[in-house]
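Asker: If you scroll down you'll find the structure; I have some questions about it.
The values are calculated or read from the model by the stated rules, or taken from the named source; none is laboratory data. Small disclaimer: the values here were computed from a predicted structure and weren't measured. Using ideal geometry, Cβ is built from the backbone for each residue, glycine included, and neighbour counts are taken over all protein chains shown. Note: areas computed on protein heavy atoms with side chains; ligands, DNA, RNA excluded. Shrake-Rupley method; radii C 1.70, N 1.55, O 1.52, S 1.80 Å.
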Amino acid sequence: MAENSTTYLETAGSGTADSKSRNARYSISNTNASAFLLLGLGAFFAYFGLEYRLGSLRSMGPGMFPVVGGMLLVGIAFVVALTGRKSDEHLRSLPVKPIVAILGSVVAFSLLLETLGLALSAPLLIAGALVASGQGSLKTGVLLGVPLTLAAVLAFPILLGVPLKVFP
Amino acid sequence: MWDTGISGLLGGLLVAVEPINLFICFIGVVLGTLVGVLPGVGPVVTISLLLPLTFGMEPVTALIMLAGIYYGAQYGGSTTAILLKLPGETAAVLTCLDGNQLARNGRAGAALGMSAISSFVAGTIGTLAVVFFAPLLVSIALDFGPAENVSLMLLGLTAAVMVAQGPSLPAVGMLVAGILLGTIGTDTSTGIARYHFGIPELRDGVNFVVIAMGIYGFGEIIANLEEGLKQEKLPTARITNIYPTRDDFRRSWKAILRGSFIGSAVGFLPGLGTSAGAFAAYTVEKKVSAHPELFGTGVIEGVAAPEAANNAAAQTNFIPLLTLGLPSGAIMALMAGAMMIHGVVPGPAVMTTRPELFWGLIASMFVGNLMLLFLNLNLIRVWVKVLTIPYSILFPVIMLLCAIGIYSLNNSTFDILLAAFFGLVGYIFIKLKLEPAPLLMGFVLGPMLEENFRRTMTIARGDLTIFISKPISAGLLAATALTIFFSLVLPRLRRTRHRANFTNPKIEKTNA
């Protein structure tokens, strides 16, 4: 799945956020992109499922169900690609900033949470979110980040007893 | 004692009015109204967020809260629709048409009041439908064996996909993809961990909350940010009188009743959620009206009918889940997951083995609807204030809550990483207009489907014809074939849905 979504990103990952512009070189139709996505996922499960015993219909092993399912999905993906309308909408560009800032700050949060603690990683997440929106200033960052972090610390580790480290 | 709807319901009422359940139900419907009012926040994310908090509760209490969020959101969605012409919740699309016109004509209060009252009447009628039809279905499904279960799941999943989206092959693909994702983790029959790639956290499988929050939380945030943060202007008209006039009631009561029955019937069918009910009711109302040309210019029936239908459907949506164990959409898939987390396998056995849970949940819907009527008639000014919260403040809050909420599922930072990955995948789904609901349904039902299939094959010694040699199973498969056939020959349904979606492009993303 991961490998597939990266190929997809490479195909469509350039250009401006303006989806109206027709950039034929980097565009892929929605139908084909969907087919690629499903194909990648199906192939993934069918291939790696071969590691597990297939068994027979009478006594199915752990591999049978996902391998057959994966092959079915590959088949569906081919039919989607062959029968889908090619004239439908095309994907031309992906907004790099929100994707990187939102997912990046979530990833950073998950990596730092257990070392830095909630009190420091929460403001980082909020900062990342504000960067993604393109509207964040230092002032909104502080006005939003400080009370939100305080509320989160108060709510989760203290009130609800979620075992979370608060400080480094 | 529990064998008829009424006595069951009375027993359930005793559970529902326990102080803790009343309190939790209240929290649920307040939260539901809140997320219904806010356009960028849906019930799927909210239910996923609150699920970890219910771990310590009694199962019935947990389900009462999560259900309250769902039907409460239907009430709140109309407020945004009427005041901003934006559906706060998917099903409120049709309320935008006449509701917003009424607001522009200075009758916002009447529209809001009518929507609350018709929602209440419809919610109550919908719950009554659950009371009477659920035991009936349970009695049919109770002696299903594994073969019948497989056929039933196939029927439910096919219907959910086909009926909701027309004959859409990519949607079937999403369903299979969900079933495949459900095979990650330890195989229950052999104890072998599949697709874990040495990552210990994956041995237990992927939590459905991680997928739901990734797709509906992070994925949607990215999509919303891409569209740009537009600050919606509230209409300046003051809401003076929330109660509709006697004339409004004279014109609407039939619309409310028709909407309630249409909504109840539509909500009961898998895949046809609340928005299909609202659409059908609005169309019918326009057809039977003496002045169909006035629809869209601000007629009160145009608010009453779709609001009744979506609330009735929100209640009857629970029937397939509670009786057959079949979730009919993303939210019901979450409810199914919530039941499993609390050790309750959704299916026909729930009514007999856990009557306090089954009837307590249903009875709480009456109580919850009463609370919602009060909340929406008396606190409307609060909800209007909520509307002024800009998305640029809202989404960092959602992000933080999602991240901490995911962590608290298993105290695992790996789950947050996984959710970020599903956020990317979910965003791509939105861009490709791939509906994520079938994936979630497949994910939740997949393990049950595999288990029942394997059991059937063991019993039948690998003979696949067992599915058509057993009469009930054959009947269910025939119904599956018919569903596929009708969804192919009835493209009309598909076109009307497209038109409904066209009214507001936001619906496609928030469709649950």
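Asker: Can B:Leu94 be described as surrounded by 23 or more Cβ atoms within 10 Å (Cβ to Cβ) and of a type in the set (A, V, I, L, M)?
Answerer: The answer is yes for B:Leu94.
Asker: Here's a follow-up. Restrict the check to segment B:137-148 and report whether at least one residue is open to solvent by less than 10 Å² (accessible area, probe 1.4 Å) and within 14 Å of chain A (Cβ to nearest Cβ).
Answerer: Taking every residue of segment B:137-148 in turn, at least one turns out to be open to solvent by less than 10 Å² (accessible area, probe 1.4 Å) and within 14 Å of chain A (Cβ to nearest Cβ).
Asker: Of the conditions (1) facing chain B (nearest Cβ under 9 Å); (2) within 26 Å of B:Glu220 (Cα to Cα); (3) open to solvent by 40 Å² or more (accessible area, probe 1.4 Å), A:Leu72 clears all except one; give me its number.
Answerer: So the condition that A:Leu72 fails would be (2).
Asker: Could you please let me know if B:Thr124 is under 15 Å from B:Ala314 (Cβ atoms) and either surrounded by fewer than 24 Cβ atoms within 10 Å (Cβ to Cβ) or modelled with pLDDT under 90 (or both)?
Answerer: Spelling it out, B:Thr124 is indeed under 15 Å from B:Ala314 (Cβ atoms) and either surrounded by fewer than 24 Cβ atoms within 10 Å (Cβ to Cβ) or modelled with pLDDT under 90 (or both).
Asker: Could I ask something else about it? Give just the number: which of (1) open to solvent by less than 20 Å² (accessible area, probe 1.4 Å); (2) at the interface with another protein chain (Cβ under 7 Å from one of its Cβ atoms); (3) closer than 22 Å to B:Gly178 by Cα; (4) in contact with a helix residue (DSSP H, G or I) (Cβ under 8 Å, 6 or more places away or on another chain) does A:Val79 not satisfy?
Answerer: (1) is the only condition that A:Val79 fails.
Asker: For B:Leu50, which of the numbered conditions (1) under 17 Å from the mean Cα position of the chain (by Cα); (2) buried (at least 24 other Cβ atoms within 10 Å of the Cβ) fails to hold?
Answerer: All conditions pass for B:Leu50, except number (2).
Asker: Scan B:Leu326, B:Leu387 and give me the residue that is within 30 Å of B:Ala171 (Cβ to Cβ), among the aliphatic types (A, V, I, L, M) and modelled with pLDDT under 90.
Answerer: Being within 30 Å of B:Ala171 (Cβ to Cβ), among the aliphatic types (A, V, I, L, M) and modelled with pLDDT under 90 holds for just one of B:Leu326, B:Leu387, which is B:Leu326.
Asker: Another one. Filter segment B:408-424 down to the residues that are at the interface with chain A (Cβ under 7 Å from one of its Cβ atoms), in a helix (DSSP H, G or I) and open to solvent by 10 Å² or more (accessible area, probe 1.4 Å) and list them by number.
Answerer: B:Ser408, B:Thr413, B:Leu417, B:Leu424
Asker: Next question. Do you know which of the residues in segment B:269-298 that are touching an Asp or Glu at 6+ places or on another chain (Cβ under 8 Å) and surrounded by fewer than 24 Cβ atoms within 10 Å (Cβ to Cβ) is farthest from B:Gly72 (Cα to Cα)?
Answerer: Here the residue is B:Ser289.
Asker: Same structure again: Evaluate the following for B:Ala403: is it touching a Phe, Trp or Tyr at 6+ places or on another chain (Cβ under 8 Å) and under 28 Å from B:Ala62 (Cβ atoms)?
Answerer: In short, yes.
Asker: Is it the case, given these coordinates, that B:Phe249 is assigned to a helix (DSSP H, G or I) and either in contact with a helix residue (DSSP H, G or I) (Cβ under 7 Å, 6 or more places away or on another chain) or within 23 Å of B:Leu83 (Cα to Cα) (or both)?
Answerer: The answer is yes for B:Phe249.
Asker: Looking at (1) more than 24 Å from B:Ala280 (Cα to Cα); (2) outside any helix (DSSP H, G or I), which is the one condition that is false for B:Thr61?
Answerer: The one condition B:Thr61 does not meet is (2).
Asker: Then there is this: Within segment B:342-383, which residues are out of contact with any helix residue (DSSP H, G or I) (no Cβ under 7 Å at 6 or more places or on another chain), part of a helix (DSSP H, G or I) and not small (Gly, Ala, Ser)?
Answerer: B:Thr352, B:Thr353, B:Leu370, B:Phe374, B:Asn378, B:Arg381, B:Val382
Asker: Give the number of residues within segment B:430-452 that are facing chain A (nearest Cβ under 9 Å) and closer than 30 Å to B:Asn149 by Cα.
Answerer: 4
Asker: Okay, moving on. Which ones in segment B:400-414 are out of contact with any Leu (no Cβ under 6 Å at 6 or more places or on another chain) and touching a residue at least 40 places away in the same chain (Cβ under 8 Å)?
Answerer: Selection gives B:Cys402, B:Ile406, B:Ser408, B:Leu409, B:Asn410, B:Ser412, B:Phe414.
Asker: Moving to a separate point now. Taking into account only those residues within segment B:455-464 that are assigned to a helix (DSSP H, G or I) and open to solvent by 20 Å² or more (accessible area, probe 1.4 Å), which is farthest from B:Glu148 (Cα to Cα)?
Answerer: B:Thr458
Asker: Go through the residues of segment B:465-484 one by one and say whether even a single one is at the interface with chain A (Cβ under 9 Å from one of its Cβ atoms) and open to solvent by less than 60 Å² (accessible area, probe 1.4 Å).
Answerer: no
Asker: Using the structure shown, decide if B:Leu334 is open to solvent by 30 Å² or more (accessible area, probe 1.4 Å) and within 18 Å of the chain's Cα centre (by Cα).
Answerer: no
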